[in-house]
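A short write-up of the structure that comes next.
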Amino acid sequence: MIPGGASHTTLEKIGYLENIANNPAQPETFRAEAAAGLERIEAGDPVHPIYQAIRDADITARERREAEMHARAEAAVAQAKSIKKGKRTPPRPLPLVTDDGQPVRYPLRAFIQTWGELTNWWTHYDANTIARELTDEQFENFLATTDGTVRFADALRAAREGAAERPRLRAL
């Protein structure tokens, strides 16, 4: 028996903390906080204040995620309605860098959409007209983009060839 309260309730609180600490879907900092709380409990700290702090943080984070999802859903509905009316609102631009200055990694869907829109793009332009009308800066930007695209294509090709050479694991 655990003194000072109902043992089943205390065990449920500890189980909740263990689930948070071991759940890879949770943010790493939150998992570490729950694991640290479990260590403090093992060292003799009371269960309820640690449980309550982690639970409150979990609820706050969940509410924030739900609010973001609702806002995104509302924006998507508004965009869909504007498309139906013939008024297309431009999508919000994706961020370019993370808070720590690293380039944002976009999802595969963005890659597919970007390259789907670029299919045969060069057939829609006349090189002579573009050459006359681009500024030097615009031309240099185009060349830098195409050079980066070729480097990425080479890296992607090598990664796919490397993946094809690796043996695949079979499900048991």
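The values are calculated or read from the model by the stated rules, or taken from the named source; none is laboratory data. These figures come from a predicted structure and were not determined experimentally. Reconstructed Cβ throughout: ideal geometry from the backbone, glycine too, with neighbour counts over all protein chains shown. Heads up: the accessible areas ignore ligands, DNA and RNA and are worked out on the full protein's heavy atoms, side chains in. Shrake-Rupley method; radii C 1.70, N 1.55, O 1.52, S 1.80 Å.
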key: J(HN,Hα) series, the range 143-157, from Karplus relation 6.51 cos²θ - 1.76 cosθ + 1.60, nearest Hz, glycine and proline x   = 5, 4, 5, 5, 4, x, 5, 5, 4, 5, 4, 5, 5, 5, 4
Relative contact order for the range 6-87, counting Cα pairs under 8 Å that sit 6 or more residues apart, in percent = 25
task = Springs between alpha-carbon atoms under 10 Å, Gaussian network over the chain: tell me which of Leu156, Leu118, Leu17 tops the mean-square fluctuations.
result = Leu156
remark   = Share of accessible surface on carbon and sulfur in the range 14-149, whole %, 1.4 Å probe and ligands ignored, is 56
query = At Gln79 and Leu11, where each label point lies 7 Å from the Cα along Cα→Cβ, what is the point-to-point distance in nanometres?
reply = 4.9
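If we count every other residue with Cβ under 12 angstrom of Asn23's Cβ, Lys/Arg +1 and Asp/Glu -1, where does the sum land?
Working: positive: Arg31; negative: Glu18, Glu28, Asp58.
Taking every Cβ under 12 Å from that of Asn23, the sum is -2.
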task = Over the range 43-147, average the accessible area per residue using a 1.4 Å probe and give it in Å², no decimals.
result = 89
query = Given that compact globular proteins tend to follow 2.2 N^0.38 Å, what is the ratio of the alpha-carbon Rg of the range 1-71 to that value?
reply = 1.20
task = Report which label in (i) 98, 41, 26; (ii) 66, 45, 37; (iii) 85, 50, 36 holds the value of Cα extents along the principal axes in Å derived from the coordinates of this structure.
result = (iii)
query = Got a sec to turn the phi values of the range 16-31 into Karplus ³J(HN,Hα) couplings, 6.51 cos²θ - 1.76 cosθ + 1.60 with θ = phi - 60°, whole Hz, x for Gly and Pro?
reply = 4, 5, 5, 4, 5, 5, 9, 8, x, 6, 7, x, 4, 5, 5, 4
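Subtracting the Cα-Cα distance from 0.36 nm times the residue separation, let me have the gained length for Glu42 to Arg132 in nm, one decimal.
Fully extending the segment from Glu42 to Arg132 adds 25.0 nm.
Normalised by the number of residues in the chain, what is the relative contact order in percent for Cα pairs under 8 Å and 6+ residues apart? Don't skip to the end; give the middle numbers.
Details: 48 pairs, mean separation 16.8, N = 172.
Value for the chain: 10 percent.
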task = Tabulate in residue order the Karplus-calculated ³J(HN,Hα) for the range 67-75, using 6.51 cos²θ - 1.76 cosθ + 1.60 with θ = phi - 60°, rounded to whole Hz; enter x for Gly and Pro.
result = 5, 5, 5, 5, 5, 5, 5, 4, 5
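Let me know the longest stretch in the chain that avoids all trypsin sites (Lys or Arg not before Pro) found in a DSSP loop with at most 14 other C-beta atoms within 10 Å.
Values: sites that count: Lys85, Lys87, Arg88, Arg105, Arg168, Arg170.
No qualifying site falls inside 1-84, the longest such stretch.
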